[in-house]
Amino acid sequence: MSGTYAHAPGFIAGDRPKIVTSRFEYEDSYTLRRFLATDGYQGLRAALGRAANEVHDEVKSATVLGRGGAGFPAGTKWGLTPQGVYPRYLVVNGDESEPGTYKDRLLMERDPHQLIEGCLIACYAAGLSQCFLYIRGEMALAQERVAAALNDAYAAGYVGKNILGSNFSVDIVLHWGAGAYVVGEETALIESLEGNRGMPRLKPPYFPAAIGLYGQPTIVNNVETLANLPWLMLNGAEAYTAIGTKTSPGTRMVAVSGHVKRPGVYEIINGITTFRDLLYKEEFCGGIRNGNQLKAFVPGGGSAPWFTEDQLDIPFEGPQAGAAGSMLGSGAVMVMDETTDIPAAALTLTRFYAHESCGKCTPCREGGTWLERILSRVVDGKGTMADLDQLIEVGTSICPGDFPHASNAKLGISAVPFPYKMNTICFVGPSAYAPVNSALVLFREEFEAKIVKRNTIPVTAVGAAS
Amino acid sequence: MSRFTEDNARLAKEIIGRYPRPRSAMIPLLHLAQQQSGYVTNDAMVHIGELVGATSAEVYGTASFYEMFKFEPVGKYLVNICGTMSCALMGSEELMHHAEHKLGVKVGGTTSDGMFTLEHAECQAACTEAPCLQVNYRYRFRVTPESFDSLIDDLSAGRLTAEIPDHGTVAKVLQHIPADRGVGAVPPESVTEAPEWLNGKAAL
Ligand SMILES: Cc1cc2nc3c(=O)[nH]c(=O)nc-3n(C[C@H](O)[C@H](O)[C@H](O)COP(=O)(O)O)c2cc1C
Ligand code: SF4
Ligand code: FES
């Protein structure tokens, strides 16, 4: 079965294995009734039928990569809590706000019980005694669906005291944010959950697994990461790793937006599906709109350095994307066709990160603002050649050394691999520079054209609806 | 004026009770205050401070960090048009110009009848449905000038009140943990032992 479901805007199914989107085809996928009729809470039952450490081992051997951005295996992360220190908490990261990212909201709106079941399995396996499910403030429907699902799950005995009649007891508390991108960063998320301004903490020493919520060991996992656990418990690590590759098993949700024929959210095969498959195959986006040429794409959310057609054959495999100069990040691909005004497009991202800086460290607070101002000037046709050097200089003060970028055969440049060095506490500062650097490395002539023809060209839009 | 009503004070205490430390309830209580008055009043912040054990300056310190909290009245409908990359690539700048024209206000402004406040928003996690917007955090996807106009006309005529609550109310469904089912929150320092189920045996 394939097609777009009107009740899951953006989601496009296909004849591929589904681990986390299997219920999206049902109109009532978010109800307890539908959930129970489709193996719901059976993964939890299977987990509780085994000792907690065995469940943890199963998750470890499945290598469930974190889907929030960094791709760190969940089972390994759970093992990093210090021995014998209790209580330990689970904080679920549902703050989805990285530009281009659209998957966690679908998972919360369309299958909240799957997420709840995943949270319970994690708490059981890692000995976490309370769970806080942090949902982005602006997601009204997701909050309502998760609240209703929790109310039903409590009433039916799946959450709370003595779950399924066992000695496993845990509360899941729905918590919601109030609009601040940086709060998606795990230590800022914890600050926010403690009732503070959502500013990141310094790591070390504040690795959440060691010193997290209220100073206690805390596991922070992304919504999609946890949504994988029910299927895994029901089908086993062997079945999980049979999908995808050894280092990147399973599936992942990827949102493709921008200038493709069929923008949408697709569950793809980890490690195997390539960017070319995703952008051009009929079962996915079906090519660039209007038969236009691909100019560039952002492969892993607004923070990621850009790729062009030279990188289309890279599969969704973290290390390969890293060697090519970028990252897979949060499963968000933004596609720009030949009509795109590249400096203006870069500005929409730089403005975002500059605006979202929490102000705790100078290179990000000042640097981001500078980047935005200089780039605005250039985009408005009021820049000078010296501005381009200044952009790089400011960028280098945020991230010393060569900033990662893709190779390009036409330009005769080779890749600078990920990651970068940074002078900031978190990745917001570097993210303000990433689009500027990519655009300057790959499309410098577009910046120069704006400067040389200054005041003679009209201010162009970033892009248009068709 | 604008301290919590009796009902909301009860709800506030219920929410506080879910957390190991009361201060964690700060943001949910600020939302509750905004729901009650349409924006966060000074008196509400004083009341929240009393409830969670913080000074009103600390409450304001937290509140002012977050975009969604308003400290003066805004329109009945907050119209947030996304302007981040995916939406910009699909014409959100033109949509914003159109919206300014239709509403007769500049971005950031409120219409003179107090119905609409127009804001530029950042990525709303709906990038495949660009350009998109939210009205009081309820989505509209692939918005065209025509669909924008009919949205505004519908809102003005009161045709969408069932779907879209007035500014301040985010979720219309809230969590309630039944007293006989909840485990209950305890301060972290009162727990030292491993949870019962970590005993090497299956729980079921
Ligand atoms: C600035 C910034 C924003 C982030 N935003 C999110 C987010 O919205 N959702 C998310 O799950 N992770 C986000 N992350 C990653 C989290 O810090 C954390 O690594 C992740 O939630 C861990 O979950 P996982 O291991 O299951 O992927 C962000 C990181 C940074 C630096
Ligand atoms: S890098 Fe930016 S957002 Fe991150 S801690 Fe520093 S100032 Fe705050
Ligand atoms: S860029 Fe507009 S919703 Fe993501």
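The values are calculated or read from the model by the stated rules, or taken from the named source; none is laboratory data. None of the values given here were measured: they were computed from a predicted structure. So basically every Cβ, Gly included, is an ideal-geometry build from the backbone, and we count neighbours across all protein chains shown. These area figures cover heavy atoms from the full protein model, side chains too; ligands, DNA and RNA do not enter into them. Shrake-Rupley method; radii C 1.70, N 1.55, O 1.52, S 1.80 Å.
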Label zone at B:Ser64 (point 7 Å along Cα-to-Cβ), backbone N below 12 Å, the range B:9-38: none
Sort largest first and round to whole Å: the equivalent ellipsoid semi-axes of the range B:77-156, each the square root of five times a Cα gyration tensor eigenvalue. 19, 12, 12
Give the interface area between chains A and B as buried accessible surface, both sides summed, probe 1.4 Å, in Å² to the nearest 100. 6800 Å²
On C-alpha positions alone, give me the angle between the axis of helix A:342-356 and the longest principal axis of chain A, in degrees, nearest 10. 50 degrees
Projected onto the charge dipole of the protein assembly as shown (+1 at Lys/Arg Cβ, -1 at Asp/Glu Cβ, origin at the Cα centre), which of B:Pro195, A:Asn423, A:Ile374 gives the Cα projection farthest towards the positive end? B:Pro195
What 222 nm value per residue comes from the helices of chain A, counting each DSSP H run with n ≥ 4 as -39,500 (n - 2.57) and dividing by all residues, nearest 500 deg cm²/dmol? -11500 deg cm²/dmol
note: the protein assembly as shown, Cα-Cα separations exceeding 50 Å make up a percent value of 8 percent
List the residues whose amide H sits under 5 Å from the amide H of A:Leu174, counting only those 5 or more places along or on another chain, with H placed 1.01 Å from N in the peptide plane. A:Leu133
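Which percentage, to the nearest 5, of the DSSP beta bridges contained in chain B is antiparallel? Provide the component values of the computation, followed by the final result.
Details: 7 of 13 bridges.
The answer is about 55 percent antiparallel.
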Using the Karplus curve 6.51 cos²θ - 1.76 cosθ + 1.60 with θ = phi - 60°, work out ³J(HN,Hα) for each residue of the range A:184-200 in order, rounded to whole Hz, and write x for Gly and Pro. x, 5, 4, 6, 5, 4, 5, 4, 5, 5, 8, x, 10, 4, x, 9, x
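Nearest 0.05, what FRET efficiency do A:Glu283 and B:Glu50 give at R0 = 45 Å with Cβ-Cβ as r?
E between A:Glu283 and B:Glu50, to the nearest 0.05, is 0.20.
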Accessible area per residue for the range A:85-228 in Å², computed with a 1.4 Å probe and the full protein assembly in place, what is it? 18 Å²
How much length is gained if the chain between A:Asn162 and A:Asp28 is pulled fully straight, taking 0.36 nm per residue apart and subtracting their Cα-Cα distance, in nm to one decimal? 45.4 nm
Fraction of accessible area attributable to carbon and sulfur, chain B (%, probe 1.4 Å): 52 percent
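Indicate, rounded to the nearest 5 percent, the antiparallel portion of the DSSP beta bridges found entirely in chain A. The partial results should precede the final answer.
Values: 20 of 42 bridges.
Of the beta bridges lying entirely in chain A, close to 50 percent run antiparallel.
Taking 0.36 nm per residue of sequence separation and subtracting the Cα-Cα distance, how much length would be gained by fully extending the chain between A:Thr76 and A:Asn53, in nm to one decimal? Display every interim value, and only then the final one.
On the way: separation 23, 0.36 × 23 = 8.28 nm, distance 1.26 nm.
Going from the current span to full extension adds 7.0 nm.
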Contact order normalised by residue count of the range A:98-194, Cα under 8 Å, 6+ apart, percent: 30 percent
Virtual spin-label span in nm between A:Ala449 and B:Asp149, 7 Å along Cα→Cβ: 3.4 nm
Taking chain B as a Gaussian network, where each spring joins two C-alpha atoms under 10 Å apart, which residue of B:Glu100, B:Glu122, B:Glu163 fluctuates the most? B:Glu163
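Rounded to the nearest percent, how much of the accessible area of the range A:323-398 (1.4 Å probe, protein heavy atoms only) is carbon and sulfur? Write down the numbers at each step before the final one.
On the way: 1330 of 2520 Å².
That fraction is 53 percent.
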Can you pull the accessible area of B:Trp197 for me, 1.4 Å probe, Å² to the nearest 10? 10 Å²
Based only on the alpha carbon positions, what is the Kirkwood hydrodynamic radius of chain B, in angstrom? 19.4 Å
Cβ-placed point charges (K, R +1; D, E -1), dipole of the protein assembly as shown about Cα centre in debye, nearest 20: 600 debye
Calculate the spin-label point distance for B:Asn42 paired with B:Val191, positioning each point 7 Å from the Cα along the beta-carbon direction, and give it in nanometres. 4.0 nm
By the gyration tensor of its Cα atoms, with a ≥ b ≥ c the square roots of the eigenvalues, what is the shape of the range A:190-265: rounded for a/c under 1.5, prolate for a/b over b/c, or oblate? oblate
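Enter the mean number of other protein chain beta carbons within 10 Å of the beta carbon of each residue in B:17-24, as an integer.
Numbers: counts 0, 7, 9, 10, 5, 1, 4, 10.
Taking the mean over all residues of the peptide, I get 6.
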